[in-house]
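J.: Please find one structure pasted underneath; my questions will follow.
Readers should treat all values here as calculations from the given coordinates under stated rules, not as data from a laboratory. Quick caveat, the model's predicted, so the values are computed rather than measured. Please note: Cβ atoms are built from the backbone with ideal geometry, for glycine as well, and neighbour counts cover all protein chains shown.
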Amino acid sequence: MPRRGETAVVPIDAASGERGGQERPKSERHRSHGPGHHGRHGPHHQHRSRPPPPPPPVFRPFRRWFPFLVPLFIVANVALFVLTMYVNDCPAHARAAGAAIGGSVGESATAQGCWLAPELGRLAFQSFKENPLVGPSSATLLKMGALETSKVTKDHEGWRLITCIWLHAGVIHILANMLSLVLIGIRLEKEFGFLRIGTLYVISGVGGSLLSSLFMVSNISVGASGALFGLLGSMLSELITNWTIYENKIAALMTLVMIIVINLAVGILPHVDNFAHLGGFTSGFFLGFVLLMRPQFGYINQKNSPLGYPMGVTKQKFKIYQIILFVIALVILISGFTVGLVLLFQGFNASEHCSWCHYLSCVPTSKWSCKAPSNYCMSSQLGNQLNLTCQSTGKAATYVLSNPNNTEAIKNLCVGLCS
């Protein structure tokens, strides 16, 4: 979106019409010529070529930053995903579960437990039945810092609100998020710098985690989607608060709103945590009024005008409407985060007090159901005999375990039964 300030601004002298405000000395304009001078066309005229004057310095109203923080964020996310897969160690857990089950069922569990185990070894992925996003198990994600409301409220692990935004559920998940971060984050860091964009990214991610933990109480949540939606929200508020410095305002606004609506609409599909998207977007929207406010061009022109050139009435750095939006957004952010954190640590379940709010995250249709696939099973044991009943499908089965105390083996059997 072009701004009027992106063009070069060079001072012009009103008297002489020359750039740089320097008037040619009188001695150069009217040289006195001695006797015998024949003028420009005389027989003794010698043309002297003068070197062109140096170009005037280009004035840019806003500083351009070199982006390094967003690439560091991408490297950190990828490194943490690789570390998560290393900790996951699917082949070792599959072998242990197969040994605990024993027999042909145990051998089948060992063979089908991991994907690409011969090629990736310890970094092999969980089976598609357990994780269709091609990644680790939910137990490993919880170990690495995934968000689960009960662990925040009962175990007082509030740090999960931050750590979960650096974890991803699979290869597909991290590729989609990192591509979005490259397209959005690098542009914003070039314009506003690492400090503002880094702060906006982290606080928006926490805002998404906070709203998700209040509404999606029974789910495990990971991913940078909330932070990315915060960047989208900040782009909208930045356009609004810096409205006077943009050209093609309406076209820029309509384009940005269409992108935001499309991305939020994807969140109504099943198995997508749209509350994290909404929380991140709302946080980023109000943060944009606080962190991305630009000075007005009249103030910048006066500040950078050459000495001795009157510029009229002194201009204010910010317009009144910018200051009003700044104060309102700051009050909403502080009060919203305070109330949300208090409710969260008190164990408040927002979905119980809002009967229609679940439609913000998923809208059921004839093509899909909004009920999350549950891999929870009812179990009963008698010696080495294990009876499992999948709660979501109602299917039941009986197994004989060589090690009935192996919880990993029981979990694998439950996943297979519910798939």
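J.: How much length, in nm to one decimal, is gained on full extension between Lys129 and Ala397, taken as 0.36 nm per residue of separation minus their Cα-Cα distance?
T.: Result: 94.7 nm gained on full extension.
J.: Can you find, among Ala224, Thr244, Ile186, the residue farthest towards the positive end of the dipole of region 138-285? Put +1 on the C-beta of Lys and Arg, -1 on that of Asp and Glu.
T.: Ala224
J.: Output the pairs from Lys129/Lys151; Lys143/Lys190; Lys190/Lys317 with a Cα-Cα distance over 30 Å in this structure; if there are none, say none.
T.: Lys143/Lys190
J.: Cα-based Rg of region 116-155 per 2.2 N^0.38 Å, rounded to two decimals?
T.: 1.45
J.: For region 378-401 and region 199-276, what is the centre-to-centre distance using only Cα atoms, to the nearest Å?
T.: 43
J.: Taking Cα atoms of region 153-276, Rg/Rh with Kirkwood Rh, to two decimals?
T.: Taking Rg over the Kirkwood Rh, I get 0.99.
J.: While we're here: Spin-label point model (7 Å from Cα, Cβ direction): what's the Leu382 to Val78 distance in nm?
T.: Rounded to a tenth, the inter-label distance reads 5.6 nm.
J.: Taking 0.36 nm per intervening residue step and subtracting the Cα-Cα distance, what contour gain separates Phe66 from Gln316 on full extension?
T.: 87.1 nm
J.: Still on this model: What distance in nm separates the two pseudo spin-label positions at Thr163 and Val331, each 7 Å out from Cα along the beta-carbon direction?
T.: With each label point 7 Å from Cα toward Cβ, the separation is 3.8 nm.
J.: Exactly which trypsin sites (Lys or Arg not before Pro) in region 133-230 are in a DSSP loop and have at most 15 other Cβ atoms within 10 Å?
T.: Lys154
J.: Now for a different question. Please give me the summed charge of the neighbours of Cys377: other residues whose Cβ is under 11 Å from its Cβ, Lys and Arg +1, Asp and Glu -1.
T.: Charge balance in the 11 Å sphere: +2.
J.: Then there is this: Quick one: grab the alpha carbon gyration tensor of region 211-271, order the square roots of its eigenvalues as a ≥ b ≥ c, and give me rounded if a/c is under 1.5, else prolate or oblate depending on whether a/b is larger than b/c.
T.: Prolate, since a/c reaches 1.5 and a/b exceeds b/c.
J.: Let me ask something additional. Can you classify region 131-183 as rounded, prolate or oblate using the Cα gyration tensor, where a ≥ b ≥ c are the square roots of its eigenvalues, rounded means a/c under 1.5, and otherwise it's prolate if a/b beats b/c and oblate if not?
T.: Taking the square roots of the gyration eigenvalues as a ≥ b ≥ c, region 131-183 is oblate.
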